[in-house]
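*Asks:* Take a look at this one; I'll ask things after.
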Amino acid sequence: TRLSRSSRTIEALRSAGKGALRLDDSSTSAGAGEDEAKGEGRSVRKAAAGLLACLPLAGDSDGIPPAKLWSRAVADEAEGLVELVGTFFPLKKRQKGGKSGPSRVGSAAAEFAKSVRSEASSLPSQSDRSKLFLTRLLGSSSVLSSLLDLDGYDPRSASMLLTSSLPVPSLLDAADALLSLPVAVESRLRSTKSRLRDVPVDGGLLSPASAAAVANAARMEGHSLFDRTCGMLRSSDAGLPFGTRLTGTASSALRSASSRSARWAADPAGTPPLRLDGRGRKEGRGLLGSVRLRTAAVKSFGEVITCLGSGVAADKGARQGMVLVATCLLEQTVAAGDDFDAASEEWGTLGDRLELVKMCSDALASCLSVGGAYLDFPTRRTIESASSSCLLCIHADAPTGIGGGGGGAGSSRPLSYSPVKVSLLRLGTRCASVPWPDGGSSVDAIVILYDAASALRRDRDGTVASEACAAAALCDALRSPRTPPLSIVASRDGGGAGSGVVAAASGGGAESLAEGLRLAREEGRKAATAAAVAKAAASARKAARKEKSKKKEKSIEAEEKPASGSIVSSRAAEKKEKSQGEGETAGEVSSKSEKKRMTPDNEARADTDETKGGDGNETPPRPRSARSKGQEDVPVGDAKSPAAEEVRKDTECVQKDSIDVSAEERKADEDDVEMHKDKPSGSAGEAEDESMEGDASSDAGSKIEDKEEAAAVDHPMDADDSSASGDSADQADDDSDEEDFPDIVDSGPDEQDI
């Protein structure tokens, strides 16, 4: 039989299978839709992987047994996956010499990496390279899955592999590389500037942006490979030597995929502080916030627990993982309310969240079934409290939901779906049947399970009703008296949903975990609100300073306008006073000259003429003012009489006096003109205007200073605070310009101004 199978035929089949694995979805189905193309491409990959997985059974011409050929094929595919990830996106920095350290890669894996690099180098665009990476990744993982699942092997063929050895280190290396790819890609993407995110990384073929498009798919394949490896170890009872590495890988994957609120509630001391981006917002979970990744991580953790057995209860990382799974269950059911910020914590569909709740319930049930009485009291209390809280919500039909408050349609409540009800009933059954570490039973868990099962007996779904009847029968068997009588001993630790609030780090109940989730979300909201308030305060301080400066300018302008008006009015008043003074001076001169010309005889005559009139009445005194040109004298009485003669003489004297006064005035004006000509510059009017303006401005300045001094005397602290607030406001403005989102500080008087 061996002679009839030529090596050429086997090589032809191998090359045909590898060629089919290189085909992408678009080339396998031309003209089909996207979903149909993906389905056909998956079918082609599965068929080609099954063909390559069966080739080790044929043997070779060198006489190597099929068991060794199978082990070599598994090792080559696992090492090829590690080299594939390192070729497209290196996870470790290379040394100065260009080498990344010692490598255990075989010749087949090295040739595979070389062919992939040469093929990818000919593709200039990043989209083509990412498509090539995803195609090769899915092909290699399909071959590994077929080899580990013994796909196509009959019982006789499977018995030929009893002496085979499983290359566990190579498989775990490949799983670690795929599981850590999203973490490395997200870290590189955040640390790279936006204009450089499309540039390939050093030593790789993909850019950070292109790697982010395929990182989650690679992690899902890593979880699938890890689960199959655990299944192989469980079937051969060979998992204990690798127990520490298995629990470490599963716990780290679960922790990285969980939300920050769940991690903080389960382990406050081990959770890093909340980080904000450059705009003061919480850093989102871009890649690791996928609900599907969290579901796969919970499933992998359950596989590790069932693989290692009851001894896993002694591992600290395994116990922390159990508490974290219980926290994820509460986060999606009991603690999901109006304050649940689903956009920043996770992203996924409602079906993904329902699958996560179901997987958390199944994982906790596996932990109780495997760990049993070997679980410590805090861990057992946490698991049972989470289960009882969910069952109480089902019994009371509490308004809960994912990403929003309860009420309304049942589509927004995960506890109203049949798969979730079945999984929670199974978890409650485990809590009621598995004893505590001291040998006692959970009386509270039995009562709560019976109430929930009684409420679900008449459910519309047959599977839910059947599971509820089984749970109720178990509770009846545990609580009903038998012959001989059976005593139900309650655990001395208590437990159940009614246990007190204990710190989450020490394994507290559901109340402490729910409180931790609430505090973590509140911390995130406070941090985001604080950043927004700081930005608003900085802008408000800046606007207040602008408004204050505008008011100050307006007040200065208002004070300057009355000052200029007072200058004009003072000028007019001075001119008026000057004109009045000149008039008074002229009147005084004329009166003096008139007094000089008057004699005692003339005064007596004038008095006589004034007191006596022609009709015997008193006549008013005649004015003694100067006669203007062209004005004729009005004769009084007879011109030939002595009285008329005296009047004529008096009139001539007055005219002479007026002529003398006008001559004196002209002489005074000529003296003033000569005096102004002797000055060095400027005119008398300009000098007078300048002196008046200077006096007015000095008066206005003195008024402002008097007002400020009076305000300083009345409120001395306000004046100091105003100057200090100006300096601090300027400094705060400079700080706000330098930093995008400054911290909240006490702004002092600026807040009072605001």
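The values are calculated or read from the model by the stated rules, or taken from the named source; none is laboratory data. Note that the structure is predicted; figures quoted are calculated from it, not measured. For neighbour counting, all protein chains shown are included, and Cβ atoms are generated from backbone atoms with ideal geometry for every residue, glycine included.
*Asks:* Please determine whether any residue of region 261-268 is surrounded by fewer than 17 Cβ atoms within 10 Å (Cβ to Cβ), of a type outside the set (Ser, Thr, Tyr) and at pLDDT below 85.
*Replies:* yes
*Asks:* While we're here: Which one of the conditions (1) at pLDDT 90 or above; (2) within 30 Å of ALA58 (Cβ to Cβ) does ALA217 fail to meet, given that it meets all the rest?
*Replies:* All conditions are met except number (2).
*Asks:* Moving on to the next point. What pairs can you find where one residue is in region 50-72 and in the same structural domain as GLY152 (by TED's automatic domain parsing) and over 14 Å from LEU161 (Cβ atoms), the other is polar (S, T, N, Q) and not in a helix (DSSP H, G or I), and their Cβ atoms are less than 9 Å apart, with a gap of 6+ or different chains?
*Replies:* From region 50-72, the pairs are SER61/SER6.
Yes or no, residue by residue, for (1) part of a helix (DSSP H, G or I); (2) under 23 Å from GLY139 (Cβ atoms); (3) in the same structural domain as GLU77 (by TED's automatic domain parsing); (4) basic (Lys, Arg):
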residue: SER187; (1), (2), (3), (4): yes, no, yes, no
residue: ARG190; (1), (2), (3), (4): yes, no, yes, yes
residue: SER210; (1), (2), (3), (4): yes, yes, yes, no
residue: ARG219; (1), (2), (3), (4): yes, yes, yes, yes
residue: LEU225; (1), (2), (3), (4): yes, yes, yes, no
residue: ARG234; (1), (2), (3), (4): yes, no, yes, yes
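*Asks:* Cβ-Cβ below 8 Å, separation at least six or inter-chain, first residue in region 148-174 and surrounded by 18 or more Cβ atoms within 10 Å (Cβ to Cβ), second in a helix (DSSP H, G or I) and acidic (Asp, Glu): which pairs?
*Replies:* Pairs that qualify, where the first residue is surrounded by 18 or more Cβ atoms within 10 Å (Cβ to Cβ) and the partner is in a helix (DSSP H, G or I) and acidic (Asp, Glu), are SER170/GLU79; ALA174/GLU79.
*Asks:* Here's another thing I want to ask about it. Residues to consider are ALA326, ALA335, ALA296; find the one that is closer than 22 Å to ILE394 by Cα and either touching a Cys at 6+ places or on another chain (Cβ under 7 Å) or modelled with pLDDT of 90 or more (or both).
*Replies:* ALA326
*Asks:* Determine whether PRO102 is modelled with pLDDT of 85 or more and part of a loop (DSSP other than H, G, I, E, B).
*Replies:* No.
*Asks:* Also, quick follow-up: Which of the residues that make up region 27-52 are modelled with pLDDT under 65 and either loosely packed, with under 14 Cβ neighbours inside 10 Å or within 21 Å of LEU150 (Cβ to Cβ) (or both)?
*Replies:* SER27, ALA30, GLY31, GLY33, GLU34, ASP35, GLU36 - these are the residues of region 27-52 that are modelled with pLDDT under 65 and either loosely packed, with under 14 Cβ neighbours inside 10 Å or within 21 Å of LEU150 (Cβ to Cβ) (or both).
*Asks:* On to the next question. Give GLY302, GLY321, GLY284 a once-over and let me know the one that is part of a loop (DSSP other than H, G, I, E, B) and either farther than 30 Å from VAL533 by Cα or at pLDDT below 80 (or both).
*Replies:* Of the residues listed, the single one that is part of a loop (DSSP other than H, G, I, E, B) and either farther than 30 Å from VAL533 by Cα or at pLDDT below 80 (or both) is GLY284.
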